[in-house]
Amino acid sequence: MRQSEPLRFDRLLAAARHSAVHLEMRDVYAVADEEDDYRHWLETGERDTDPTSPYWAPWVDMVRQATARGVAVRRARVISEPAGDYIRYEHAGTVVNVAAGEEVRWLPRPQAADLLLPGADLWIFDDEQVLFNHFTGVGGWADPPLELRTDPQLVKACVDAFSAVWERALPHAQYKIR
């Protein structure tokens, strides 16, 4: 990717060779592309879990293409309990992430208290690049929303943090939302 090109997650995932891992640590996200689906869930309790729906299909396609190439896609969520509405919404839709080929685990925040974690959500690609996801205080995308870093020491620290969370977290099938 040339420096002048805008940073795009889809290109980073498409270039991944063996792993793409995601660490989520917020209890609330308020990004525009989820707004209608989240509002519908709040009003009805019904979550879109159709992997072919317009909401999910782009994500499912990206993950399936990555996993078909042999890329392990893992997501770990550090959450507060009892869970708020947004985490309940995420939990209700995680069945689609799993069906697409992601491994997803959940870690209640008290069990992460002694871990040294980054100050922002992130993706790590092939243990070589860290893509920080920056959000505002209310959960929308910050400006800039993404920051790619390749410093080996920083990458290793983020890999170690993700690994520590992953080892303690429960697989989605075992985690019961509280």
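Values in this text are rule-based calculations from the coordinates and carry no lab data. All values derive from a computational prediction rather than experimental measurement. Every residue, glycine among them, receives a Cβ derived from its backbone with ideal geometry; neighbour counts consider all protein chains shown.
Taking the Cα centre of the chain as origin and assigning +1 to Lys and Arg Cβ atoms and -1 to Asp and Glu Cβ atoms, the resulting dipole is close to 540 debye. Taking the Cα of A92, stepping 7 Å toward and past its beta carbon, and measuring to each backbone N in the range 145-178: which are under 19 Å? Under 19 Å, as judged by backbone N against the label point of A92, lie 172-173, 175-178 of the range 145-178. Taking 0.36 nm per residue of separation and subtracting the Cα-Cα distance, full extension of the segment from V31 to S53 would add 6.1 nm. Within the range 9-171, antiparallel bridges make up roughly 55 percent of the DSSP beta bridges whose residues both belong there. Sequence-ordered 3J(HN,Hα) estimates for the range 158-164 from the Karplus curve with 6.51, -1.76 and 1.60 and θ = phi - 60° stand at 5, 4, 4, 5, 4, 4, 5 Hz, glycine and proline given as x. The smallest convex shape that holds all Cα atoms of the chain, its convex hull, gives 122 Å³ per residue. Selection among V159, P118, A66 by position relative to the dipole of the chain gives V159 as farthest towards the positive end (Cβ unit charges, Cα centre).
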